[in-house]
Amino acid sequence: MLACAAVLLFLLLESGVAGDPARAEAGPRATPAELAAARARLGMVKDFLPDALRLELAGPPRRLNLRVEDGDLVLRDALDAEQARLPLRGESLQFAVTRMRAAIEGLDPPGALVVQAEAAVLDLPASGLGAALGDARVDLEPGFPATLAWGRPVPLPQRVGARLAAVARLDFGLDRAGRPILGEIARRGARSLAYALPAFLATTALAFALALWCAARRGWLDRALMTASAVVMSVSAIALVPLIRRALTADLGLFPLRPWSPPYAPLLALPALTWLLIALWPELRLYRTLAVEESERPWLRAARARGLPPRRLLWGHLAPNLAAPVLAHVAVTLPYLFLGSLLLERAYDLPGLGEYLTDALAAHDARALEAATLIAAAAFLVAHALAGALAAALDPRLRAPASEAA
Amino acid sequence: MSRRLALAALAAYALCAVVAAAGAFVSAPDLAAAWAPPSAGNWLGTDQLGRDVLAQALAGARVALLVGLLAGGIATVLGAALGICAGWNGGLADRAIFAASALVSAVPGVLLVLVLGFLFGGGTLGVFLAVGLCSWVGTSRLVRAETLRLRGADFVVAARAGGAGGGRIALRHLLPNLAPLLGVQFALAFVFAVKAEIVLTFLGVGVVEGPSWGRMLADAWGFGDLDHGRWTRLAGVSAAAAGLVLAVQSLADRLRDRAAPGSAPLA
């Protein structure tokens, strides 16, 4: 399953299904050099040379541009009219440069192209120019030299294989800032867990207790809590987080607001409490639904008919029978905790994994997003298997063979 | 929220969306009027560019409804089609669809929406596709289970005996029986899509053109509205979004309640 997820992500992120992956990684305003570097970073080209050719246009003031179209290098003028089309397949860079020079000398008025490159570079196949350039447009203007990169194109199946092998070695490469992605995820994931895990456990315990109480008593408090949960859940967390932040810091003065530095406990307690105040309500609704369903079971009605006191019905019978689904839910949710909260970490300036992901999104860092997604998927699969085993251990009905259960 | 109130609220949002689509809520930036407090002319004050906050919040209904309807529609149609296909055909189709749904559900929803939004280059279309393609799994599994149950029902057996093909049975017999379930699932997908649009836009991979609630909230964060005592933008957008979500959610609850009987308190 994980290998399938890795292949799917690869195909989505790097095969070009959703447009040029280098363009997605480098951003819409990337220069040709940045685009070429992104193609090398994504493994689309190998033996990458960032400064293979340096071109300078001489002659009358004008602007020409070069771009790769259908595997050919096309020279266009300022009006976007095609001036020359140079085939890149099966030719050397030397040949492409000579044809480019001839095309520029043949313009009216004629111009000149000054080329700087090592002789060894000129012997390279011109197809590498197309592979490194992708859909980038290189502008040539007198007085503004342009640099072209070169790289040997890597076929898609080979890239998929190389990527899968790297993922199997847990080698996610470097992020846009040049840091090892795995190390960064581990370091920041630990910070996210430091507040998310206690917050999640406290939320679960409180929601479970309240849900049992609501299911047992119903009445006005149940209705009030359910109405409150519906209202809070309908408001976007983006609006709730700044409200809670202001209330807990500026208005009540319970927590400090300062940059990430020791002591860390107060800095972690603030997002943890915010988490609890926001996440309590959906958990409460879920556990209440489970509790109400369970309270309708015949064995519980029989226990009630026998005259057991409500407290014993609640904690001695209902709560243990809810343990399996609740713990299964907890086990399945746990792996998501390391992702922290994208919003909380942004609101409280906490350098956790959530902040790393938002930075990766802003920086169009496909590799970091891919790594976080795969690690989350792996954690989910492990947790799912654990949840199944846990539920079966707690609930004998889930262990019974299908024929017996029927 | 009562059914009538929910329907009235939805009609009001739809009206706002139509009026916004006609360009009625567009106000030109006027820096001289920036950060004006609430007044008779601007009930919720103005933003950093001097635009009326209330008009922006009302105009945001257009994007919210568009995203909710289209992304919810994609999720429901895809989930229903795959669920019926898996439940009706069984065998290889069932296993393949189950594997695809397991693959999608193995990746955290928020992360998948973000990655897809990033892939599709953001924008309204990116949000539709990202949210729609991420939220079909639940619908598909429920529809599959219901199709399995309905496959052996008398009216389906009778239709088969009468020579009806799989497509005709799905369209004429299964779909009408699945309608309440699909209605609930559509409402849930709608709510998820509206919230996801706000988060995606807030994180910079959502709607870029026109006013949207996500952009307004992102601006409220970016300009520190609450820190400067300006609460109207945050409150206005939150109320607008909450109203829409509550209206749709309460209609979904009513649909669900029709199928599920009530229950008595324990003590």
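The values are calculated or read from the model by the stated rules, or taken from the named source; none is laboratory data. Remember, predicted model here, so these are calculated numbers, not experimental data. Note that we place each Cβ from the backbone using ideal geometry, even for glycine, and neighbour counts take in every protein chain shown.
Values computed for the structure shown
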{"item": "Residue count for segment B:119-150, restricted to those that are away from chain A (no Cβ under 11 Å), within 24 Å of the chain's Cα centre (by Cα) and not in a loop (DSSP other than H, G, I, E, B)", "result": "18"}
{"item": "Helices (runs of 4 or more DSSP H) wholly inside segment B:1-118 that include at least 3 residues being within 30 Å of B:L148 (Cβ to Cβ)", "result": "B:53-89, B:91-106"}
{"item": "Among the residues listed as A:R301, A:R297, A:R306, A:R311, the single one being within 20 Å of A:L221 (Cβ to Cβ) and over 41 Å from the mean Cα position of the chain (by Cα)", "result": "A:R311"}
{"item": "The one condition in (1) surrounded by fewer than 15 Cβ atoms within 10 Å (Cβ to Cβ); (2) more than 11 Å from chain B (Cβ to nearest Cβ); (3) assigned to a helix (DSSP H, G or I) that A:L268 fails to fulfil", "result": "(1)"}
{"item": "Exclusive hit being modelled with pLDDT under 90 and touching a Phe, Trp or Tyr at 6+ places or on another chain (Cβ under 6 Å), set B:A33, B:A59, B:A40", "result": "B:A59"}
{"item": "Per-region count, segment A:246-259, residues exposed (fewer than 14 other Cβ atoms within 10 Å of the Cβ) and in contact (Cβ under 8 Å) with a residue 24 or more places away in the chain", "result": "1"}
{"item": "Some residue of segment A:163-179 being out of contact with any His (no Cβ under 9 Å at 6 or more places or on another chain), at pLDDT 90 or above and either surrounded by fewer than 20 Cβ atoms within 10 Å (Cβ to Cβ) or in a helix (DSSP H, G or I) (or both)", "result": "yes"}
{"item": "All positions within segment B:83-118 that are facing another protein chain (nearest Cβ under 8 Å) and either touching a residue at least 60 places away in the same chain (Cβ under 8 Å) or aliphatic (A, V, I, L, M) (or both)", "result": "B:A99, B:A102, B:L103, B:A106, B:V107, B:V110, B:L111, B:L112, B:L114, B:V115, B:L116, B:F118"}
{"item": "Unmet requirement for A:A131, which otherwise passes all of (1) surrounded by 12 or more Cβ atoms within 10 Å (Cβ to Cβ); (2) assigned to a strand (DSSP E or B); (3) not basic (K, R)", "result": "(2)"}
{"item": "Some residue of segment A:204-223 being closer than 20 Å to A:Y336 by Cβ, modelled with pLDDT under 90 and touching a Pro at 6+ places or on another chain (Cβ under 8 Å)", "result": "no"}
{"item": "Members of segment A:218-232 found to be within 33 Å of the chain's Cα centre (by Cα) and either free of Cβ contacts under 8 Å to residues at least 40 places away in the same chain or at the interface with chain B (Cβ under 8 Å from one of its Cβ atoms) (or both), listed by number", "result": "A:A230, A:V231"}
{"item": "Answer from A:A305, A:A324 - the residue that is more than 10 Å from chain B (Cβ to nearest Cβ) and either in contact with a His (Cβ under 8 Å, 6 or more places away or on another chain) or touching a residue at least 40 places away in the same chain (Cβ under 8 Å) (or both)", "result": "A:A324"}
{"item": "Filter result for A:G316 (without any contact (Cβ under 8 Å) to a residue 24 or more places away in the chain, of a type in the set (G, A, S) and either on the phi > 0 side of the Ramachandran plot or within 11 Å of chain B (Cβ to nearest Cβ) (or both))", "result": "no"}
{"item": "A:L273 at negative phi and free of Cβ contacts under 8 Å to residues at least 12 places away in the same chain", "result": "no"}
{"item": "Tally, over segment B:166-181, of residues that are among the hydrophobic types (A, V, I, L, M, F, W, C) and either over 11 Å from B:L150 (Cα atoms) or over 27 Å from the mean Cα position of the chain (by Cα) (or both)", "result": "4"}
{"item": "Residue within segment A:15-32 that is modelled with pLDDT of 75 or more and either more than 14 Å from every other protein chain (Cβ to nearest Cβ) or touching a strand residue (DSSP E or B) at 6+ places or on another chain (Cβ under 7 Å) (or both) present", "result": "yes"}
{"item": "Qualifying position, being outside any helix (DSSP H, G or I), basic (K, R) and either out of contact with any Lys or Arg (no Cβ under 6 Å at 6 or more places or on another chain) or facing chain B (nearest Cβ under 10 Å) (or both), among A:R258, A:R288", "result": "A:R258"}
{"item": "Residue that is farthest from the other protein chains (Cβ to nearest Cβ), among those in segment A:348-373 that are crowded, with 22+ Cβ neighbours inside 10 Å, in contact (Cβ under 8 Å) with a residue 60 or more places away in the chain and aliphatic (A, V, I, L, M)", "result": "A:L350"}
{"item": "Unmet requirement for A:L193, which otherwise passes all of (1) modelled with pLDDT under 90; (2) farther than 21 Å from B:W221 by Cβ", "result": "(1)"}
{"item": "Scan of segment A:141-162 for residues that are surrounded by 13 or more Cβ atoms within 10 Å (Cβ to Cβ) and either part of a helix (DSSP H, G or I) or touching a helix residue (DSSP H, G or I) at 6+ places or on another chain (Cβ under 7 Å) (or both), ordered by number", "result": "A:T147, A:L148, A:A149, A:W150, A:G151, A:R152, A:P153, A:L156, A:R159, A:V160, A:A162"}
{"item": "Tally, over segment A:313-342, of residues that are over 23 Å from A:A205 (Cα atoms) and either surrounded by fewer than 20 Cβ atoms within 10 Å (Cβ to Cβ) or at pLDDT 85 or above (or both)", "result": "0"}
{"item": "Some residue of segment B:67-82 being within 14 Å of chain A (Cβ to nearest Cβ) and crowded, with 20+ Cβ neighbours inside 10 Å", "result": "yes"}
{"item": "Number of the exception - B:A33 against (1) within 16 Å of B:S212 (Cβ to Cβ); (2) surrounded by 17 or more Cβ atoms within 10 Å (Cβ to Cβ)", "result": "(1)"}
{"item": "Subset of segment A:106-128 (residues that are of a type in the set (G, A, S) and in a helix (DSSP H, G or I))", "result": "A:A119, A:A120, A:S127, A:G128"}
